[in-house]
Structures are given as C-alpha cells and as structure tokens.
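All remarks here apply to the structure that follows.
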Amino acid sequence: MAALLRAVMRFPVPAVWGRPLYRLQCCNGQDFRRWVGSRSPTLKEKPPGTETEKFQMIYRFDAIRIFRYLSRLKVAQTALTVVALPPGFYWYSQGLMAFNSLCLVGGIAGFALAMLCWMSYFFQRLVGILYVNESGTMLRVAHLTFWGWRQDTYCPVADVIPMTETQDQPKELFVRIQQYSGKQTFYLTLRYGRIVDRERFTQVFGVLDTLK
C-alpha cells in the first residue's frame, strides 16, 4: 500500500486542489463536492452537545480524491470479473470452454475479490480531512466508504491516543489514529498530507518535533 501511495502522489495534483476550499472551511460537513462529487457525504449522528458547534479543519490530504476514483474503479472491475463467472460455467457445461480456461477465469475473479477486500480495508481507514470542534473535545474524521463516498466519523478527543504515546514516527509514510477504547483505527500521512491548523493538531495528537 505504501508503493500505491507513492505512485498516486506522482500524479500532478489539479490546481483546484491547491486553492483553499472555502466550502470545506464552512465546516458543516454537507458540501465537500470537490472530493466526493455531487453526492452529499454520509454523516454519522453528531454526539450530544456538538450540534451547534462549528468544526475547524486541522489536516487535509488532497490526493484522497484519487483514492476515491481507485476505490470505485476497483469495485466496478471486481463486479465485471465476478459477472463473467456464470457465463463461463455455462460455456464449460456446453463444451465451449476448456477446463483450464474456466480455472483461469475463476482464479482472476478470486484474486480480484481478495484485492478488493484488501484495498477497501485500507481506503476506508485513510484520512482525507480532520476537523476539531471549537471546544476541542470532538475530532471529526472524514474518510471513504466501501463505495468511495465520503463518511464522517466522530471520536472524542479524550479517547484519541496522542502520537507521542505510540510507537509511530511522524516521518513514517503512515501514522495511526488510535483510540483508548480500541474502536476503529485510521491512517494519515504527514509526509503527503498538510496540517492546516498546527495548534489545534498538537492539542489532539501532542507536540511532535518532526511535524511538517
């Protein structure tokens, strides 16, 4: 997956990605169309006490848009491969396809399914944007769903393990966002991502000398 990220980052980033995304900074979580297209993001219910608070962006990873397309492309490719199996069995039963060819089709379909599961597991945990509410008590993680749409997950800041307490190094390609409760783990890249608000970022993850 590290090799995939390096390959993706070699693609030129469109100029529109480099401009401040004012819609993101509205922080209402409803209009990130530059990232996920015209469909509204899937939001999990806001925790009590944060309904009226604004969320400030502290980190963003522009190349998440490419991973969105890769995720959808992989789903479509796997679906086409699996759909080819029933005709293959039919042709084999009619003597129109050799057994070796049928095994090849089945092997390709199985490999495509395995790759889809592996890539989707990572893509769903790759952080696109991080937000923190004004009071600094709630972290909002914007990431992809299995289908390549955006989803926001809320994590109490008190439950987030500071990076200074983990074995991850900021210079590594990926660092983990872990929780004391053992809930879902996310991955972000400080090497290719951008810290927008360093002060709020350090309040959540601790002071790291090697931050970009």
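Here, each number is a calculation from the coordinates, and none is a lab measurement. These figures come from a predicted structure and were not determined experimentally. Using ideal geometry, Cβ is built from the backbone for each residue, glycine included, and neighbour counts are taken over all protein chains shown.
The H on the amide N of GLN179, modeled in the peptide plane, is under 5 Å from the matching H of ILE161, each at least 5 residues off or on a different chain. Applied to the stretch 96-102, the Karplus parametrisation 6.51 cos²θ - 1.76 cosθ + 1.60 on θ = phi - 60° returns per-residue 3J(HN,Hα) values of 9, 9, 6, 4, 4, 5, 5 Hz, with x for Gly and Pro. Listed values for the stretch 122-134 are Karplus-derived 3J(HN,Hα) couplings in whole Hz (6.51 cos²θ - 1.76 cosθ + 1.60, θ = phi - 60°), namely 6, 4, 6, 10, 7, 7, x, 8, 10, 10, 9, 6, 4, and x replaces Gly and Pro.
On the basis of the beta-carbon distance and an R0 of 22 Å, ARG72 and ARG176 show a calculated FRET efficiency of 0.30. For LEU113 and TYR192, the FRET efficiency from 1/(1 + (r/R0)^6), where r spans their Cβ atoms and R0 equals 30 Å, is about 0.55. In this simple spin-label model, placing a label point 7 Å from the Cα along the Cα-to-Cβ direction at both LEU85 and LYS54 gives a separation of 5.1 nm. Sequence-ordered 3J(HN,Hα) estimates for the stretch 149-165 from the Karplus curve with 6.51, -1.76 and 1.60 and θ = phi - 60° stand at 8, 7, 9, 9, 10, 9, 10, x, 4, 5, 8, 7, 7, x, 5, 5, 9 Hz, glycine and proline given as x. Size descriptors for the stretch 122-212 (Cα atoms only): Rg and Dmax, in that order, 12.3, 37 Å. Label point of GLN167 set 7 angstrom out along Cα-Cβ; within the stretch 118-142, no amide nitrogen lies under 19 Å from it.
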